[in-house]
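The values are calculated or read from the model by the stated rules, or taken from the named source; none is laboratory data. The structure displayed is predicted, hence computed values, not measured ones. Cβ atoms come from the backbone with ideal geometry, glycine included; neighbour counts cover every protein chain shown. Heavy atoms of the whole protein, side chains included, go into the accessibility calculation; ligands, DNA and RNA do not. Shrake-Rupley method; radii C 1.70, N 1.55, O 1.52, S 1.80 Å.
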Amino acid sequence: MSSYPENLLMCLRAEPGVHLEQRATKNPTWWPGDAPQDKKQAAVRMKVLAVQLSDLQERLFAQALQEELEDSVLLILQGMDTSGKGGIVRHVMGMLDPQGVEHFAFKAPTAQEREHDFLWRVEKRLPARGRIGVFDRSHYEDVLIHRVQKLSTQAQVEARYSKIVEFEKRLKERGIHPVKVMLHISRDEQFARLSERLERPDKYWKYAASDVEDRLLWDEYQKAYQIAVNRTDNDAAPWYIIPADQKWRARLCVAELLLAQLQEIDPQWPAAKFDVAAERARLEAAR
């Protein structure tokens, strides 16, 4: 039997034919007993993760800089409004050195982007080797919003699932490792978070009228997410469904996923490309 964090990651993995209504958004019964059980315990674990993530990120960056490694990581964050994507960027990616992070939030496509295939603008934002990329929303908007709001035809949306699968397989072949996260929030929790944005002046800027419009289509969006996960989940680019009603739990899960991916890459400190003894002697002579 695997122990935490291995058991946690296994439970987060989307199973074939997943039904989102059967996946917990809060206090999952499968949560490992040896995992942090509350916000305070999670904060302790996050401090440990921060050290490990920072070390592995620097190794990844250094090894790629010396042209000894082609790998990079791409964290793909998807979720309904208020599900915590911005908090993940601030609190998880914020533990890393910003010079090695490439963050991009996809909005509605520009006129130029609409002239191309939907993946064209995504290709331009892929992380360079040695970097950790973050997509706050992504190419999945083209099968989520477009399906629900009928911005594309049904045939166009259907064709995109297989294009996404092939695209992500090519990413792996290029050494770009996708970590696909769906932040799974409940309808009640979203209501509470939207209400808070209307009650606190420091959160007014986060509120948008479109949030309520999308909320009225909640069931349609849940169906669209379920279809997208089931149609694009595979061993090369698996989906992880994160219980997102508790922010501390969601951030911990994403940090563990990111650590596991970096450990799988296993970057190493590059060897010196010079004679260390000779350079030490030169330095002493220049004291």
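For the chain, carbon and sulfur atoms together expose 52% of the accessible surface, with a 1.4 angstrom probe and every protein chain in place. I'd like the antiparallel share, as a percent to the nearest 5, of DSSP beta bridges with both residues in the chain. Within the chain, antiparallel bridges account for around 5 percent of the total. Taken over the stretch 202-287, the convex hull of the Cα atoms encloses 246 Å³ per residue.
Out of the chymotrypsin sites (Phe, Trp or Tyr not before Pro) in the stretch 216-287, which ones are loop residues according to DSSP with at most 15 other C-beta atoms within 10 Å? Filter output for the stretch 216-287: Phe274. Per-residue SASA remark: Asp219, around 120 Å² accessible (1.4 Å probe; ligands, DNA and RNA not included). Between the listed residues Ala208, His116, Tyr140, the Cα displaced farthest toward the positive end of the dipole of the chain, a dipole computed from Cβ unit charges relative to the Cα centre, is found at Ala208. Basic side chains Lys and Arg get +1 at the Cβ, acidic Asp and Glu get -1 at the Cβ, and with that the dipole of the stretch 1-70 about its Cα centre reaches some 520 debye.
Between Gln156 and Glu70, the contour length at 0.36 nm per residue exceeds the Cα-Cα span by 27.6 nm. Of the cross-linked pairs Lys107/Lys203; Lys47/Lys163; Lys124/Lys273, which ones have a Cα-Cα span greater than 29 Å in the structure shown? From the list (Lys107/Lys203; Lys47/Lys163; Lys124/Lys273), the Cα-Cα distance tops 29 Å for Lys47/Lys163; Lys124/Lys273. Choose one of Ser195, Ile164, Tyr225: the residue whose Cα lies farthest towards the positive end of the charge dipole of the stretch 152-229 (beta-carbon charges +1 Lys, Arg; -1 Asp, Glu; about the Cα centre). The residue sitting farthest along the positive end of the dipole is Ile164.
Taking the Cα centre of the chain as reference, the dipole from Cβ charges on Lys and Arg (+1) and Asp and Glu (-1) amounts to some 580 debye. In the stretch 108-216, the alpha-carbon atoms span a convex hull of 145 Å³ per residue.
Of the residues Ile265, Met10, Gly94, the one whose Cα sits farthest toward the positive end of the charge dipole of the chain, with +1 on the Cβ of Lys and Arg and -1 on the Cβ of Asp and Glu, is Gly94. Each principal axis of the Cα atoms in the stretch 92-166 has its own extent, and those three values, largest first, are 42, 25, 21 angstrom.
Normalising by residue count, the chain has a Cα convex hull of 184 Å³ per residue. Distance between the modelled labels on Ala192 and Lys163, one decimal in nanometres: 4.0 nm (7 Å Cα→Cβ projection). Relative contact order of the chain: 32 percent, from C-alpha pairs under 8 Å at least 6 residues apart in sequence.
Taking all protein chains as shown and a probe of 1.4 angstrom, Leu20 keeps an accessible surface of around 10 Å².
The residues of the chain have, on average, 52 Å² of accessible surface per residue, using a 1.4 Å probe with all protein chains present. A simple charge model with +1 on the Cβ of Lys and Arg, -1 on the Cβ of Asp and Glu and nothing else charged puts the dipole of the stretch 105-237 at about 460 debye relative to its Cα centre. Entry note, the chain: the mean residue ellipticity at 222 nm calculated from DSSP H runs of n ≥ 4, each adding -39500 (n - 2.57), is -15000 deg cm²/dmol after division by the residues and rounding to the nearest 500.
Extension gain, Asp219 to Val51, is 56.5 nm, computed as 0.36 nm per intervening residue step minus the present C-alpha separation. Leaving out same-chain residues fewer than 8 places away, which lysines sit with a Cα under 18 Å from that of Lys26? Counting by Cα, and skipping residues close in sequence, Lys26 has these lysines nearby: Lys39, Lys40, Lys85, Lys247. If R0 equals 41 Å, the separation of the Cβ atoms of Gln41 and Ala272 corresponds to a calculated FRET efficiency of about 0.50. Label-to-label distance for Gln263 and His103 is 2.5 nm, based on points extended 7 Å past Cα in the beta-carbon direction.
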